[in-house]
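Take a look at the structure set out below.
Rule-based calculations on the coordinates, nothing more; no lab input. None of these values were measured; they are calculated from a predicted model. Here the Cβ positions follow ideal geometry from the backbone for every residue, glycine too, while neighbour counts run over all protein chains shown.
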Amino acid sequence: MKARISSRLRFALLSILFVLTFSLITPSQAQQTTRTGHEFIYYSDATHTTQVGIWIICQNGTSFRSGQITQFVVIEPSGC
């Protein structure tokens, strides 16, 4: 009986650890999109009215970044 409880507890703890590990390493929206050939336009909040930063990464590897990076981002093709 004691071994059965111990194995269930061990399984539960490993399951929780597994879920937490993969939830912490899941990439953000910006990381999920291939960066080259895209513009990342950053805003101050979720309303996307005040732009606070931009990051343009061209296909040839050149990039331009200005302003602040936030969690409120819109990703568009850069055209370069």
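Data for the structure
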item: For region 46-63, Karplus couplings with θ = phi - 60° (6.51, -1.76, 1.60), whole Hz, Gly/Pro x; result: 5, 6, 6, 9, 10, 6, 10, x, 8, 9, 10, 10, 7, 4, 7, x, 6, 8
item: Listed peptides 54-64, 38-48 by packing density, highest first (mean Cβ within 10 Å); result: 38-48, 54-64
item: Positive minus negative residues near S78 (Lys, Arg vs Asp, Glu; Cβ under 15 Å); result: 0
